[in-house]
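The block underneath contains the structure these notes are about, expressed in structure tokens.
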Amino acid sequence: MKKLLIVFYLTIAAVATQAQDLKPVKIDSLVTVSLPTEFQKKDTLGQTIYSGTASLGYVLVIKAPNPPGKVLKKEKDLNKVFKEYISKLQKSVGNQQAVILNDKDTIVNNVEVRDFILSTTSDAEGVQLRRFRILYTKPTTYTFQFVYTEARKDIAKKEADAFFASIKTAPTFDGSDQYSMYGRFTGMSTTLKTIIIVAGVLVIALVLWLIFRPKKKKD
């Protein structure tokens, strides 16, 4: 994780300033995302980094292997990983004032991701907004970032939204690729959940009717 954060800041400093359109790029067999046409790809510290400058900000995608032997069992373990990531990221900015904004979990393409914004303030750059999406899988963590200044916040939103909307995963990819106990009630389809809930309500209604139904008087 520490290496990932170091690479993030080194790459941010190296990104060119020429604006480019976005095009789909296959990160691997699981993940695809749209990047600037003339993006840079680097392999360093065991990680693969994609970076480039869009019209109103710059994008960064990091594919980093997870520590060997680390297996998440439940959704709460996944949320713990997200919280630890954010905490370490916030501490890594040094003397800059760092605030986490709009921190939330969401489901995208059948998997759970963590979205948030890191707002940093420095005398040299002013307020900079770094919009993140963290996608955790059992072997790999994918970090997607769109970075822009606060002055461009309103006009950069559309482009940032397009970048994050372009993140696609393989159709077979779901929560079972994130933690081992996925597939219980929380992993069921919406239709199956609805059937179970309706069946439960009907059973309860039947039991109440049997208990409180009017009894026939004996002759």
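The values are calculated or read from the model by the stated rules, or taken from the named source; none is laboratory data. These figures come from a predicted structure and were not determined experimentally. Note: ideal-geometry Cβ built from the backbone for every residue, glycine included; neighbour counts use all protein chains shown. Remember, those area values only see protein heavy atoms, side chains included, never the ligands or the DNA or RNA. Shrake-Rupley method; radii C 1.70, N 1.55, O 1.52, S 1.80 Å.
Under 7 Å between Cβ atoms, which residue pairs at least 6 apart in sequence (or on different chains) link something in the stretch 29-50 that is aliphatic (A, V, I, L, M) with a partner that is open to solvent by 30 Å² or more (accessible area, probe 1.4 Å)? The qualifying pairs are Leu35/Leu22; Leu35/Lys23; Leu45/Lys3; Ile49/Lys42.
Here's a check for you: in the stretch 165-186, which residue that is part of a helix (DSSP H, G or I) and open to solvent by 10 Å² or more (accessible area, probe 1.4 Å) is farthest from Ser51 (Cα to Cα)? Here the residue is Phe185.
Looking at the stretch 20-46 only, could you name the residues that are assigned to a loop (DSSP other than H, G, I, E, B), within 25 Å of Ala156 (Cβ to Cβ) and open to solvent by 80 Å² or more (accessible area, probe 1.4 Å)? Matches in the stretch 20-46: Asp21, Glu38.
Is it the case, given these coordinates, that Ala165 is under 15 Å from the mean Cα position of the chain (by Cα) and either of a type in the set (Phe, Trp, Tyr) or modelled with pLDDT of 90 or more (or both)? Show your work before the answer.
Details: under 15 Å from the mean Cα position of the chain (by Cα): yes; either of a type in the set (Phe, Trp, Tyr) or modelled with pLDDT of 90 or more (or both): yes.
Yes; evaluated as a whole, the condition is true for this residue.
Residue-wise test of (1) open to solvent by less than 50 Å² (accessible area, probe 1.4 Å); (2) at pLDDT below 90; (3) in a loop (DSSP other than H, G, I, E, B); (4) among the aliphatic types (A, V, I, L, M).
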| position | (1), (2), (3), (4) |
| --- | --- |
| Thr143 | yes, no, no, no |
| Ala160 | yes, no, no, yes |
| Thr191 | no, yes, no, no |
| Leu202 | no, yes, no, yes |
| Lys216 | no, yes, yes, no |
| Asp219 | no, yes, yes, no |
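Right, Arg130: open to solvent by less than 30 Å² (accessible area, probe 1.4 Å) and without any contact (Cβ under 8 Å) to a residue 24 or more places away in the chain or not? Considered against the rule, which asks whether it is open to solvent by less than 30 Å² (accessible area, probe 1.4 Å) and without any contact (Cβ under 8 Å) to a residue 24 or more places away in the chain, Arg130 comes out as yes.
Once the stretch 70-103 is narrowed to residues that are closer than 20 Å to Tyr182 by Cα and loosely packed, with under 14 Cβ neighbours inside 10 Å, the residue that is modelled with the lowest pLDDT is Lys70.
When Leu135, Leu78 are screened for being in a helix (DSSP H, G or I), closer than 30 Å to Asp174 by Cβ and within 12 Å of the chain's Cα centre (by Cα), only Leu78 passes.
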